[in-house]
Amino acid sequence: MTGLDQRKNTTIAWFADNGFGKLKGVGANDVRVSFETAFAEISEEEAKSEFDSYRDDVVAYIDGDRKDLKGKYFLLGESAKYHPNCKRLFESDSYKSDMFLLFAIFSANEVHDFQTETVNLWLAGSVPDASVTGKRLAEKTKGWHKARIGNKIHIFRAIVAGVINEGSKVGGQGEFITIDFGRRTALPTHWRNGRSITPAITNEGVQKFLDHFQYAIRQKMCGMVEIDVIEAALMRWEKVKTDVPLKGEELEKAKAEGKSTTREAMVYPPLMIKDMNVDREYTETLALWLEKSLKQALILKSKQSTEVPIYAIGGGTHLPKIRPMLKKFGVIVNHSDPVFANALSGFQYFFHGKEAPMKTFSEITAPKTKSKSSSSPKPKQATEKEVDEITDESEAPDQATDQSTESTIDVAGEDAA
C-alpha cells in the first residue's frame, strides 16, 4: 500500500444507478461518472499489464466480509464487454445485488482517485425492484472489505443508506408519472410518495425506434444500413446556427418596420446517412415510435382525478428532435441531463445536507479469524498456506479503533447536486 496515507481516511457519499447499458454514479458537488455494466471474472495473470503492474480497470478482492469474493479478480466496464467471460448486471437480480459493491468501489474511485489507505463508503443505489433486490444488495455490500484497484490496496468500510426503485425520487415526494426511455423499454410508472402504484412495461424502447428507422432507410436506399452506422450519424447530428424566415405577426411587423425578415436560430441540418438525406424518414419514425412509447403513460395520466405531471428520463430523451415532440404531449423534461435524473434525485434524497455516520464507520472492523478448539489433545502444526492467511489478516490495519486518525470527508453539503 505504498504511497497511500495511512493516518487519514477518506469518507464519500455515493449513489449508483444501474441502467440497462450504463451504470451512473453520482457524488457530492455534482460529481458524475457513467460506464458499462459489464464485468468478467479473470485470472491474476490477466489482471496484470506491462511490467507486472495491475490494470486500472480491475478490482481484486483480497479479504473481508464477502468471503465468496476472496482471492478473485474482476475486469469491469468497457474492457469487460469484449472478454469471453463477460456478464452484464441487468442479466440477473443476483448480479445487481452481489456485484454492486465492486461497481460502487470502481465507479467512485474513477472520479475520486482514493489516496488514503482507508476509505469510508456511504452508499445508496437504485434497482428496478427494490423489494426483490434491495435487502440482498445491502447485505452483500455493507461491512469491511480489502481490495486492490490497479496497484493500490485499500481498506473499504461500507454502509448502505438505502436502496430505492429506479425513478421513484425524480418528482420528489408527491404524485407523478415517469417515462424512462431506455434501450430495451420505455417504462412508465405511477409514483405516490416514493411508492409505485401501477407500473406498466412496454417494449417500445430506443432499440425498437432504431429498428423501425433502419427499415425506413432500407426501403429508401434499397439496401441495408447497419445500426451502428445509424447511431454514429445521430451522435454527430447537431444543431447549427442559421437564418430562418419569420412567420405570421413577426413577419408583418418586420416588413412594416423595414427590418430583416429572418432571424438567427439553432436548427438541425438535414440528416445525411451514406450521402442520402433521411431527415423525413427520421422525423416520421420518431413521431410514430414516441406515440406508441407514451401510450401507457398517457393512459395512466388520463385515469387520475387530479393533474399528475409526466417526467421523461433516460437516454432516449437525448434523441435529436424529441424534446419538442415530448412537449406537445405535455411530457416534462425537468432535468438538464435526464440520463442522470434518477441518480441525481436519489443522491439528493439520501445524502443532501446530512452528515456521514462516522461513529457507525468506526464500528466496522476486519473479520476475526476463527481460532481452533483448544480441547484437541494434539494441536496440528499450521501449514505454510494457513500461516500466510493468518499473517495477511493480522497485517490488515484496523483503523476503526484508532481514534487519532483524521478523516477527509466528501459528502453532500450545500454544494451537493
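Any residue at all in the stretch 193-207 that's modelled with pLDDT of 85 or more, more than 22 Å from GLU307 (Cβ to Cβ), surrounded by 15 or more Cβ atoms within 10 Å (Cβ to Cβ) and of a type in the set (A, V, I, L, M, F, W, C)? Yes, the conditions are met somewhere in the stretch 193-207.
Does the stretch 106-120 include one or more residues that are touching a helix residue (DSSP H, G or I) at 6+ places or on another chain (Cβ under 6 Å), of a type in the set (A, V, I, L, M, F, W, C) and within 29 Å of ASN342 (Cα to Cα)? Within the stretch 106-120, none of the residues are touching a helix residue (DSSP H, G or I) at 6+ places or on another chain (Cβ under 6 Å), of a type in the set (A, V, I, L, M, F, W, C) and within 29 Å of ASN342 (Cα to Cα).
Look through LYS96, LYS81 and report the one residue that is in the same structural domain as THR11 (by TED's automatic domain parsing), in contact with a strand residue (DSSP E or B) (Cβ under 6 Å, 6 or more places away or on another chain), more than 24 Å from VAL163 (Cβ to Cβ) and assigned to a helix (DSSP H, G or I). Among LYS96, LYS81, only LYS81 is in the same structural domain as THR11 (by TED's automatic domain parsing), in contact with a strand residue (DSSP E or B) (Cβ under 6 Å, 6 or more places away or on another chain), more than 24 Å from VAL163 (Cβ to Cβ) and assigned to a helix (DSSP H, G or I).
Confirm whether GLU91 is surrounded by fewer than 21 Cβ atoms within 10 Å (Cβ to Cβ) and either closer than 20 Å to TRP14 by Cα or touching an Asp or Glu at 6+ places or on another chain (Cβ under 6 Å) (or both). Please lay out each step first, then the result.
Values: surrounded by fewer than 21 Cβ atoms within 10 Å (Cβ to Cβ): yes; either closer than 20 Å to TRP14 by Cα or touching an Asp or Glu at 6+ places or on another chain (Cβ under 6 Å) (or both): no.
For GLU91, the condition - surrounded by fewer than 21 Cβ atoms within 10 Å (Cβ to Cβ) and either closer than 20 Å to TRP14 by Cα or touching an Asp or Glu at 6+ places or on another chain (Cβ under 6 Å) (or both) - is not met.
Among the residues of the stretch 127-169, those that are farther than 21 Å from ALA356 by Cβ and of a type in the set (Ser, Thr, Tyr) comprise SER131, THR133, SER168. Take the conditions closer than 20 Å to ASP57 by Cβ, assigned by TED's automatic domain parsing to the domain that holds GLU41, surrounded by 22 or more Cβ atoms within 10 Å (Cβ to Cβ) and β-branched (Val, Ile, Thr) and apply them to ILE153. Does it pass? Against the criterion (closer than 20 Å to ASP57 by Cβ, assigned by TED's automatic domain parsing to the domain that holds GLU41, surrounded by 22 or more Cβ atoms within 10 Å (Cβ to Cβ) and β-branched (Val, Ile, Thr)), ILE153 does not qualify. What tally of residues in the stretch 88-97 results from selecting those that are farther than 13 Å from LYS22 by Cα and modelled with pLDDT of 90 or more? The qualifying residues number 3. Evaluate the following for LEU75: is it surrounded by 19 or more Cβ atoms within 10 Å (Cβ to Cβ), at pLDDT 95 or above and in a helix (DSSP H, G or I)? For LEU75, the condition - surrounded by 19 or more Cβ atoms within 10 Å (Cβ to Cβ), at pLDDT 95 or above and in a helix (DSSP H, G or I) - is not met.
The values are calculated or read from the model by the stated rules, or taken from the named source; none is laboratory data. For clarity, every value in this text was computed on a predicted model and none was experimentally measured. We place every Cβ from the backbone using ideal geometry, glycine too, and count neighbours over all the protein chains shown.
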